[in-house]
Each structure stands twice: as C-alpha cells, then as structure tokens.
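Student: Let me give you the structure first, and then I'll get to my questions.
The values are calculated or read from the model by the stated rules, or taken from the named source; none is laboratory data. Predicted, not measured: the structure shown is a model, and the values here were computed from it. FYI the Cβ positions are ideal-geometry reconstructions off the backbone, even for glycines, and counts take in every protein chain you see.
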Amino acid sequence: MEYVDLSKAVAGDELSPLQFPERQDDLKIKIARLGMVTGSQFGELVVQTKDKKGYTLSTSKAAKTYIYRVAWERLLKTGNISNGLGRLSVSSQSMEHGHEYEQEAILKYMERTGREVDYHQKFIEYDNYIGGTPDGYIGQDGLIEVKCPWNGGNHIECLLTGQIYNSDYIYQIQGYLWMTGRKWCDFITYDPDLHESLQLNIIRVKRDREIIRGISEVMEQVKVKIDEIMSDKRLKPRKRRVRRG
C-alpha cells in the first residue's frame, strides 16, 4: 500500500468557515446500519493469508461474534426493534473524545491543505449487506478518515512513522474507497492538547486493488455465513400455540 506524508502540506487559498451540517438523525443511522456489515468492522473480519499473498475471513472469536451479531440485528427487524436499538448504543471515554474533536480536526485539515471537505455524513449502502459512513468527501476522488486517539501515543506514532497505527483502519479506509469508488483517502490524526505545530498529522492512502479485492472476497464469505445463520429453521418465527380447554 502506498502512503504519502502530507503533514507539512502548504495551505491553499483562505477558506470560508466550514458549516457543519447536523449528522443524519441518530435513530435513522441506527436503523440504516441494522443488520449491515459496516466498514468500521472490516478489520475484525479480514486477515492476510499465512503466505501473505492474499486475504481471507478471520477465524477469530471477535469475527465470529460480529457475524452472529449482524444476524441478530437482521432478526431484530421483525422483533422489538425499538428496545433492541437501545442495546446497540456503545459509548466510551475514548469514543466521546473522538466525536468531540472530529470537527475541529477537519477545520485544521482544511486550513493546512486548502481543501474543502463535504461533511454530509450519511450511511451509504453498498448492497443489502454492506455499508458505511465515511467522515467526509473531497472533490470527486477523495475521502477523509479522522481519528482523535485518546492514547496520544498513537498520534505521535503516525506523526513520526508516517504509518497508520492500527491495521483495522487500513481495511476500513480501503473498504470505503471500494464502496465509494474513490481514489484516495487522507487519514487524519489530531491531538488538541499538543503544541499547535504538532496537533495535526495527515497520511495520504491510495486505493489498493489487492486489498480491495481481498475485502470483496471476504465479504462474500461473510454474506454466506450470515445467510447460513438466518436460514436455520430454529430461527424462523413460530405462531404461539393456544391451548383449548
């Protein structure tokens, strides 16, 4: 995979303040994502083969658990969906930190690079099984993926090495490039607590055909697994028998 270090890019023309639209309604996003394999989880599912020449479906417990969860979500559509959606809400200190500073990071990115970011975040469906929500779009060819890591060491690692600190994000980014048909993604890390000159780092990630081919092949395997679970007769809704006295 090819990376380009953009941490010292020269800013372009002065930009007008970015108007951040409201995110797609949280309930609508949850319903849209329900029963879908999302780009943010590709890293749980895709692994390189032992010979490093291809990609395959992970046999890890995390991958297995995630596939069963997606099947459960699909079943939820015919059950108590309102209560079930509440069980999908996951939050943590690190996630809240990331959400809090994401827009600030994008503003800093625009100031640094002179690029305009389309921040209209909406869940996109690649097909009936796969979707995702890129953090932003640039022109006709680009995307951005923003991380504001709670562990500041991850930001420093990106800044010093020019490499993405978590391989799961590589699959997430290539997955979004696959779904959107775009050519590149700027991976942004941001730490608001450092000196201003060290707060922002940008890594250009170009479309990688081999990884995308691997993701596509693994997703076909995942679909088969989900369908196998869903087709089990024991999961078919049954009418309640009424005893007659």
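Student: Looking at (1) in a loop (DSSP other than H, G, I, E, B); (2) of a type in the set (A, V, I, L, M, F, W, C); (3) surrounded by 16 or more Cβ atoms within 10 Å (Cβ to Cβ), can you tell me which one Ile202 breaks?
Tutor: Of the numbered conditions (1) in a loop (DSSP other than H, G, I, E, B); (2) of a type in the set (A, V, I, L, M, F, W, C); (3) surrounded by 16 or more Cβ atoms within 10 Å (Cβ to Cβ), the odd one out for Ile202 is (1).
Student: Looking only at segment 205-238, filter to residues that are outside any helix (DSSP H, G or I) and under 18 Å from the mean Cα position of the chain (by Cα); which one of those is surrounded by the most Cβ atoms within 10 Å (Cβ to Cβ)?
Tutor: Result: Val205.
Student: Identify, please: which residue in segment 121-134 is touching a strand residue (DSSP E or B) at 6+ places or on another chain (Cβ under 8 Å) and surrounded by fewer than 20 Cβ atoms within 10 Å (Cβ to Cβ) and is, among those, nearest to Trp178 (Cα to Cα)?
Tutor: Tyr126
Student: Then there is this: Just one of the numbered conditions (1) at pLDDT below 90; (2) within 28 Å of Asp186 (Cα to Cα); (3) part of a helix (DSSP H, G or I) is not true of Ala63; which one?
Tutor: (1)
Student: While we're here: Against the conditions (1) modelled with pLDDT of 95 or more; (2) assigned to a helix (DSSP H, G or I); (3) more than 16 Å from Met219 (Cβ to Cβ); (4) in contact with a strand residue (DSSP E or B) (Cβ under 7 Å, 6 or more places away or on another chain), where does Val70 fall short? Just the number, please.
Tutor: All conditions are met except number (3).
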